[in-house]
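Enquirer: Take this structure first; my questions come after.
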Amino acid sequence: MRQILVLMLSITASAGAQTPGLANDMLRAHNAVRRQAGVPPLTWSRQLAAHAQAWADSLLARRQFSHTPNSPYGQNLYEIQGATASPERVVKAWADESRNYNYDSNTCHGVCGHYTQIVWSDTKEVGCAVARAESLEIWVCDYNPPGNWVGRRPW
């Protein structure tokens with residue numbers, strides 16, 4: 001019975017997550033942050049979105065929250081319990097880390113890697129997905145090429 005439940009959750013999560021609205025809203029939110037940093041906009045990648053969806057579904061099924069091991073992509077994760085999030089809310093949570101990043105010294109005081117991945121100037125494309133079940137949502141965005149190279153500034 002558990003295998004059937006997990007499969008149903010995956011199918012339900014996947015079916016609603018890859019909508020044109022999600023893609024448009026996530027891309028718009030990302031590019032608004034990039035515009036403020038003065039870097040070129042990203043394009044949407046269906047391949048990255050499919051990769052993100054598979055990982056989000058896997059995390060939801062296992063009730064875990066971790067990055068894809070050995071991924072060739074950059075990745076941002078967001079989790080919310082007991083509520084639902086919007087693309088704008090998810091990207092804003094990551095972008096709010098900008099207050100922890102100092103460009104002049106290229107240092108981070110606290111968490112800022114989600115923000116710097118969004119604005120990494122060498123990154124050209126993004127694909128995002130969300131998996132939902134009961135009162136849990138897991139959002140995943142994959143970035144190509146990845147950013148956050150130690151010692152380099154995002155732009």
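Enquirer: Could you please find all residues in segment 55-67 being surrounded by 12 or more Cβ atoms within 10 Å (Cβ to Cβ), without any contact (Cβ under 8 Å) to a residue 12 or more places away in the chain and over 12 Å from the mean Cα position of the chain (by Cα)? Give the steps one after another, and end with the answer.
Expert: We begin by selecting, within segment 55-67, every residue surrounded by 12 or more Cβ atoms within 10 Å (Cβ to Cβ); these are 55-61, 65, 67.
Checking the rest, the ones that are also without any contact (Cβ under 8 Å) to a residue 12 or more places away in the chain come to 58, 67.
Once the filter is applied, which keeps residues that are surrounded by 12 or more Cβ atoms within 10 Å (Cβ to Cβ), without any contact (Cβ under 8 Å) to a residue 12 or more places away in the chain and over 12 Å from the mean Cα position of the chain (by Cα), segment 55-67 yields only SER58.
Enquirer: I'm checking my understanding of the structure. Among residues of segment 132-146 that are over 12 Å from the mean Cα position of the chain (by Cα) and open to solvent by less than 10 Å² (accessible area, probe 1.4 Å), which one is modelled with the lowest pLDDT?
Expert: Per the criteria, the residue is ALA133.
Enquirer: Quick one: how many residues across segment 54-98 are closer than 13 Å to TYR143 by Cβ and small (Gly, Ala, Ser)?
Expert: The number of residues fulfilling the criteria is 2.
Enquirer: For ILE80, which of the numbered conditions (1) surrounded by fewer than 19 Cβ atoms within 10 Å (Cβ to Cβ); (2) hydrophobic (A, V, I, L, M, F, W, C); (3) in contact with a strand residue (DSSP E or B) (Cβ under 8 Å, 6 or more places away or on another chain); (4) farther than 17 Å from ALA93 by Cα fails to hold?
Expert: Going through (1) surrounded by fewer than 19 Cβ atoms within 10 Å (Cβ to Cβ); (2) hydrophobic (A, V, I, L, M, F, W, C); (3) in contact with a strand residue (DSSP E or B) (Cβ under 8 Å, 6 or more places away or on another chain); (4) farther than 17 Å from ALA93 by Cα one by one, ILE80 breaks only (4).
Enquirer: If a residue must be open to solvent by less than 50 Å² (accessible area, probe 1.4 Å) and closer than 22 Å to SER66 by Cα, how many such residues does segment 101-124 contain?
Expert: Qualifying residue count, segment 101-124: 10.
Enquirer: While we're here: Any residue at all in segment 28-35 that's modelled with pLDDT of 95 or more, surrounded by 12 or more Cβ atoms within 10 Å (Cβ to Cβ), among the charged types (D, E, K, R) and assigned to a strand (DSSP E or B)?
Expert: No, segment 28-35 contains no residue that is modelled with pLDDT of 95 or more, surrounded by 12 or more Cβ atoms within 10 Å (Cβ to Cβ), among the charged types (D, E, K, R) and assigned to a strand (DSSP E or B).
The values are calculated or read from the model by the stated rules, or taken from the named source; none is laboratory data. Just so we're clear, the structure is a prediction, and the values are computed from it rather than from any experiment. Methodologically, a virtual Cβ is constructed for each residue, glycine included, from the backbone with ideal geometry; neighbour enumeration extends over all protein chains shown. Note: areas computed on protein heavy atoms with side chains; ligands, DNA, RNA excluded. Shrake-Rupley method; radii C 1.70, N 1.55, O 1.52, S 1.80 Å.
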